[in-house]
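First comes the structure, then the notes that go with it.
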Amino acid sequence: MAKKDSASLILDVRRESKQNALQEALLVPWQQLAEGAAAFAEWHMIILWVRAITETDDHLPKIVRSALQSRCPGFLESQGREEEDDLPIWKSLEEWVTAHCFAKPRAEGWFDALMYYAYKDLRTEQAWTAWERTKADWRHAPPARWPTLEQWTSEVLATRSLAHPGKEKARAVQALGNVEATRLSNAVADSLESRALALWVDSVSKPGQPLDEAVSRELRSRCPGLLPASSVGPLWVPSLFSRLLRLGESTWRSTARLDGWYAALRYAIVHHPRYQRLIHYNQRCRDEWSQARPNSYPSFADWLSAADAYCSSRKAAAFGSPLQSG
């Protein structure tokens, strides 16, 4: 097989895996998916801590043993019973965590979606980078004392440079140093709601037709200056969609760019499970309402509530929306 053909095949497999994961994501509320992905990212940091130490030390240090007995009751005992000497302890721990802590998503068929978002979590990339650098350092000179899990976690979260500085994740990780976690979280939440507003208008409006009066009132209330003072709603056209999107995020975007953390903000929005759910729900509404117009369209509050609660089946339609590319 030619190198070009091989690379194309690998890319196709990755795209299919991503699409399957995004389909699985629709099986549960996005909040549940986000919590599961965050939990897996935290476990991933623990597993890499265990791996870094046990790949350097021939024996299981007391500090690791104590942490495992506290966080994973029964794991070390199961290791003794099963005598899996050929399997590294960190690998056995990974399998134990998956089986004991994530049994529900595995049984319900959305574990791949959970993994997809866990690997989008920047802490996962920071943990891999910290592990690679730690392994290289310890190969030459093991530390006099092993770091505690708390020290390791702090080191991971303080990681600001990745191996490939020009990549999207690397830019986002570097930008994390310029913003507090709470401020970033607030900016993401506000930005997601502003995108939801644009998607709601898009789903309840017909291209090239005047905006509904209720939609115009909502926009005048939430986005002063977007629409003319006239009581007649303007036409719903792509340029108005873009203006609405820019206006809704303008404050946080300007602040983030000025303070140097826009890359982190954009990454968190685009790879947020709520964002993908909003995209899918928007497409579903447009598809269904193009076939049969409802007696009345939902208000923004009702539409957003329905979007947040929306779950589908494995046969859900493919994603597609003006906002999909971020």
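Just order 199-207, 135-143 by mean Cβ neighbour count inside 10 Å, highest at the front, would you?
Sorting 199-207, 135-143 by mean packing, highest first, produces 199-207, 135-143.
Pick out which of 269, 63, 53 has the largest mean-square fluctuation in a Gaussian network model of the chain, springs linking Cα atoms closer than 10 Å.
Comparing 269, 63, 53 in the GNM, the peak value goes to 63.
Give me the angle, in degrees from 0 to 90, between the Cα long axis of helix 213-222 and the longest principal axis of the Cα atoms of the chain, rounded to the nearest 10.
That works out to roughly 50 degrees.
As a test of reading the structure, rank 217, 286 by solvent-accessible area (1.4 Å probe, protein chains only), most first. Write out the running numbers ahead of the final one.
Numbers: 217 140, 286 85 Å².
Largest to smallest exposure gives the sequence 217, 286.
Volume per residue, Å³, of the convex hull around the alpha-carbon atoms of the stretch 103-192?
Here the figure is 158 Å³ per residue.
Using a/c under 1.5 as the rounded threshold, could you call the stretch 220-312 rounded, prolate or oblate? The axes a ≥ b ≥ c are square roots of the C-alpha gyration tensor eigenvalues, and prolate needs a/b larger than b/c, oblate otherwise.
Details: a/c = 2.40, a/b = 1.23, b/c = 1.95.
It is oblate, given that a/c is not under 1.5 and a/b is not larger than b/c.
Which Cα, out of 273, 296, 130, lies furthest along the positive dipole direction of the chain (beta carbon charges, K/R +1, D/E -1)?
The residue sitting farthest along the positive end of the dipole is 296.
Quick one: putting +1 on the C-beta of Lys and Arg, -1 on the C-beta of Asp and Glu, what dipole do you get for the stretch 165-256 around its Cα centre, in Debye to the nearest 20?
On the way: 12 positive and 9 negative charges, 60 e Å.
Taking the Cα centre of the stretch 165-256 as origin, the dipole is about 280 debye.
Give the angle, between 0 and 90 degrees and rounded to the nearest 10, that separates the Cα long axis of helix 62-71 from the longest principal axis of the Cα atoms of the chain.
The angle comes out near 40 degrees.
Can you bin every Cα-Cα distance in the stretch 47-186 into 10 Å intervals starting at zero and give me the percent of pairs per bin, rounded to whole numbers?
Cα pair-distance distribution for the stretch 47-186, in percent: 10, 34, 35, 19, 3.
Distance check, please: which entries in 91/135; 120/167; 104/169; 18/135 exceed 20 angstrom between their Cα atoms? Provide the component values of the computation, followed by the final result.
On the way: 91/135 16 Å; 120/167 13 Å; 104/169 29 Å; 18/135 30 Å.
Among 91/135; 120/167; 104/169; 18/135, the Cα-Cα distance tops 20 Å for 104/169; 18/135.
Taking a 1.4 Å probe, which of 280, 164, 271 shows the most accessible area, and what order do the others take after it?
Values: 280 10, 164 125, 271 35 Å².
The ordering from most to least exposed comes out as 164, 271, 280.
Hey, how many Å between the Cα centroid of the stretch 168-196 and the Cα centroid of the stretch 211-284?
Cα centroid of the stretch 168-196 versus Cα centroid of the stretch 211-284: 16 Å apart.
For the chain, set up a GNM with springs between Cα atoms under 10 Å and report which of 171, 65, 145 has the largest fluctuation.
Of 171, 65, 145, the Gaussian network model singles out 145 as fluctuating most.
What do you get for Rg/Rh of the chain when both radii come from the Cα atoms and Rh is the Kirkwood radius?
Dividing the radius of gyration by the Kirkwood radius yields 1.05.
Using Cα atoms only, what is the angle between the long axis of helix 238-259 and the major principal axis of the chain, expressed in degrees (0 to 90) to the nearest 10?
With both axes taken from Cα atoms, the answer is about 40 degrees.
Towards the positive end of the charge dipole of the chain, with charges on Cβ (+1 Lys, Arg; -1 Asp, Glu), say which of 147, 79, 111 has the farthest Cα.
About the Cα centre, the residue reaching furthest to the positive side is 111.
If you average 1/r over every pair of different alpha-carbon atoms in the stretch 147-203 and take one over that average, what Kirkwood value in Å do you get?
13.8
The values are calculated or read from the model by the stated rules, or taken from the named source; none is laboratory data. Here the structure is a predicted model, which is why all the values come from computation and not from measurement. Note that each Cβ is placed from the backbone with ideal geometry, even for glycine, and that neighbours are counted across all protein chains shown. Remember, those area values only see protein heavy atoms, side chains included, never the ligands or the DNA or RNA. Shrake-Rupley method; radii C 1.70, N 1.55, O 1.52, S 1.80 Å.
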